[in-house]
1. If you scan the stretch 15-31, which residues turn out to be touching a strand residue (DSSP E or B) at 6+ places or on another chain (Cβ under 9 Å) and within 10 Å of the ligand (Cβ to nearest atom)?
2. Provide a single number: the residues in the stretch 116-135 that are closer than 14 Å to Ala167 by Cα and more than 16 Å from the ligand (Cβ to nearest atom).
3. Filtering the stretch 148-206 down to residues that are open to solvent by less than 50 Å² (accessible area, probe 1.4 Å) and hydroxyl-bearing (Ser, Thr, Tyr), which residue is nearest to the ligand (Cβ to nearest atom)?
4. Just wondering, is there one or more residues in the stretch 171-184 that are closer than 22 Å to Glu61 by Cα and at pLDDT 95 or above?
5. Considering only the stretch 1-119, give the helices (runs of 4 or more DSSP H) lying wholly within it that have at least 1 residues that are within 23 Å of Tyr155 (Cβ to Cβ) and open to solvent by 50 Å² or more (accessible area, probe 1.4 Å).
6. Look through Asp138, Asp143 and report the one residue that is within 14 Å of the ligand (Cβ to nearest atom), modelled with pLDDT of 95 or more and under 25 Å from Arg170 (Cβ atoms).
Amino acid sequence: MKFFLDTANLAQIREANDLGILDGVTTNPSLMAKEGIKGQDNVMKHYKTICEIVKGDVSAEVISTDFEGMIREGENLAALDENIVVKIPMIKDGIKAIKHLTSMGIKTNCTLVFSAGQALLAAKAGATYVSPFIGRLDDISQDGMVLIAEIAQIYAVQGFQTQILAASIRNPLHIIKSAQMGAQVATCGLDTILQLLKHPLTDSGLEKFLADHAKANA
Ligand code: E4P
């Protein structure tokens, strides 16, 4: 399973990259705004900087909602770096744009996916990645993991190549269950990845090993 960081924060991206387990980055307009990145030039520069830090796919989202606008933005974004993946919302023109960009050899990530039917359309259009938002479904009392399972089953049965990018991850269990269900990628914050490290028996076990070593070598 690949780990992507869901942030536009350069310090976090550097930290995760230094750990050696970072495979890519996903951003969205909210995450860019959170970092105070505004204005077209700054936005493009920021994406470029992210691509210089991490050697893996970097999702950059379009702002347009019409076909022509998405294509124009998508081409400009893709020209920035070979690792840019154009993130397109799951809307009618978005499907058309994914199909077009895919035919031009540009990688795409279909975002804001909340149903198996939407995921089926994204795959039909040839999206490189589909982003089901697990946490936002959980937030409205719908089990987000059920959606991952449904998509994984459909893609396996139908032989689609689109990769499942489990998004809107809120806790380590979301990552573990997504991995079990066959999602190829999990995207989340660094804090959630670091929670995978934690186990009280690891901490107490290490403490005992070090204490025994110190005693034996006193
Ligand atoms: C996915 O690519 C999105 O950027 C992200 O995972 C959304 O997560 P949120 O629901 O925590 O905003």
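The values are calculated or read from the model by the stated rules, or taken from the named source; none is laboratory data. Just so it is clear, the structure is predicted and the values come from calculations on it, not from any experiment. A quick note on method: Cβ atoms are made from the backbone with ideal geometry, for glycine too, and the neighbour counts reach across all protein chains shown. Note: accessible area is taken over every heavy atom of the protein model, side chains too, but ligands, DNA and RNA are not part of it. Shrake-Rupley method; radii C 1.70, N 1.55, O 1.52, S 1.80 Å.
1. Within the stretch 15-31, Val25, Thr26, Thr27, Asn28, Pro29, Leu31 qualify.
2. The number of residues fulfilling the criteria is 0.
3. Among those that are open to solvent by less than 50 Å² (accessible area, probe 1.4 Å) and hydroxyl-bearing (Ser, Thr, Tyr), it is Ser168.
4. yes
5. The helices (runs of 4 or more DSSP H) meeting that bar are 92-103.
6. Asp138
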